[in-house]
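What follows is a short report on a single structure.
The values are calculated or read from the model by the stated rules, or taken from the named source; none is laboratory data. Values in this document were obtained by computation on a predicted structure and should not be read as measured data. With ideal geometry, Cβ positions are generated from the backbone for all residues, glycine too; neighbour counts draw on all protein chains shown.
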Amino acid sequence: MNHNGNVESYPTWIEVDVSAIENNIKYMLDLTQQPIMLVVKANGYGMGISEVSKLALQGGVTWLGVARYVEARELRLAGITAPILVLGMVTACEVEEAIRDHVSLTLYSREMAEMVSERARQMGAKAAVHLKVDTGLGRLGVFAEDALDLAQYALKLGGIEIEGIYSHLAMAVYGDQPLTHLQIKRFNYALDALAGAGIHPRWVHLANSAAAVHHPDARYNLSRLGSNIFGMLPRVVDPYPPELRRVLTWKARLASCRVLPAGWGIGYGQTYITSSDELIGVIPVGYGDGFRRIPGNEVLIDGQRVPVVGNVCMDQSMLKLPRPYPMGTEVVIIGVQGSQSIFIDDLMKRWNTSEEDIVATLSARVPRVYVRN
Ligand SMILES: Cc1ncc(COP(=O)(O)O)c(C=O)c1O
């Protein structure tokens, strides 16, 4: 559910700063001097997959990466003709559609090669694949020593064009880790083995956001970026350059503000009981929107931090307010208000998770509004 409408229209909405996305793309293009595959899985990191993909392509991105074929389908239905790579598995039924849609697939096993080859040959077509090497993440892929074998097996089966080769880093966001160097070494081994057999995939990619910034030797000829383009900036170590900008703000409007008497229980489970007359506000934001039912939540109103009291409900949450505010008063869930801020990285700590987890689980029912700040 993505809207370009007026923010006045909604009880709660997410503002996506288009100029920040454009800025971040330009910064990464200048830094890496190579094309970008923007990873837009999970609704474009929660920002709205079709909208941000179109913007990103206009902003200079070359490739789009998605986790599932259904996401690629959505992009094609939105009129996007740019190259798309499915980073995850596809089913036999999806292979045919993917070939028809000119969507590239990840080749990570012999089984996958057989499935893709069979479908492609039935269609009299060639499936474009990127061979996936597991250099240390322990997810999809073959060991570097088996990459040549898989490539040769796939080519022998027929109906497959090896358009790319890639791997994914496990520790790049944790600073300069030995595993990152080992993963690069293993990836180079696979590339050399393929090159020795005369196989030179056009696209060679390893770097994610953190590696593209901090490990130039992981760049090859395409960077596969998500989080830093979408403004998820402070990492565990090695902060990003200050030129990169935050993208997402989440706002809501106060639905109600009432004085509740002493001893009044708040919400399911009655986990908060007023100790005197207290001003209790209600906002139309709940766990059904991606606001987690975890103690200690705060939001911003009138430039102040106020606590969420009681359990977060599916669609609403209650606040303890310092003074009365009219219905419709703007509340910030993620973003800046006056001198106060609550960023995704603050929520990441409070909710004990990753920034990507937070944006990926922002519900589609919250309208996305595209703004230029
Ligand atoms: C295979 C793959 N490549 C690239 C990315 C982008 O990573 P980041 O958001 O750290 O740039 C992801 C995201 O998780 C991924 O799964």
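A few notes on this one:
- Among the residues of region 110-129, none is identified as crowded, with 18+ Cβ neighbours inside 10 Å and part of a loop (DSSP other than H, G, I, E, B).
- Filter pass, Asn221 being surrounded by fewer than 18 Cβ atoms within 10 Å (Cβ to Cβ), in the same structural domain as Ala127 (by TED's automatic domain parsing), touching a strand residue (DSSP E or B) at 6+ places or on another chain (Cβ under 7 Å) and within 21 Å of Gly59 (Cβ to Cβ): yes
- Flag if Met318 is part of a loop (DSSP other than H, G, I, E, B), under 30 Å from the mean Cα position of the chain (by Cα) and of a type outside the set (Lys, Arg): no
- Looking only at region 47-75, residues that are of a type outside the set (A, V, I, L, M), within 18 Å of Met232 (Cβ to Cβ) and either without any contact (Cβ under 8 Å) to a residue 12 or more places away in the chain or within 12 Å of the ligand (Cβ to nearest atom) (or both) come to 1 in all.
- Single match in Leu179, Leu150, Leu194, Leu155 (criterion: at pLDDT 95 or above, assigned to a helix (DSSP H, G or I) and in contact with a Leu (Cβ under 6 Å, 6 or more places away or on another chain)): Leu194
- Looking only at residues of region 85-109 that are in contact with a Phe, Trp or Tyr (Cβ under 9 Å, 6 or more places away or on another chain) and among the acidic types (Asp, Glu), we find that the one that is surrounded by the most Cβ atoms within 10 Å (Cβ to Cβ) is Glu94.
- Region 158-169 - residue that is crowded, with 16+ Cβ neighbours inside 10 Å and assigned to a loop (DSSP other than H, G, I, E, B) and, of those, nearest to the ligand (Cβ to nearest atom): His168
- Within region 333-364, tally of residues that are within 17 Å of the chain's Cα centre (by Cα) and in a loop (DSSP other than H, G, I, E, B): 7
- Taken over region 201-214, residues that are within 12 Å of the ligand (Cβ to nearest atom) and either assigned to a loop (DSSP other than H, G, I, E, B) or touching a Pro at 6+ places or on another chain (Cβ under 8 Å) (or both) amount to 4.
- Counted residues, region 340-363 - those being without any contact (Cβ under 8 Å) to a residue 12 or more places away in the chain and within 13 Å of the ligand (Cβ to nearest atom): 2
- Test: residue in region 134-142 that is of a type in the set (Ser, Thr, Tyr), crowded, with 23+ Cβ neighbours inside 10 Å and within 21 Å of Ser223 (Cα to Cα): yes
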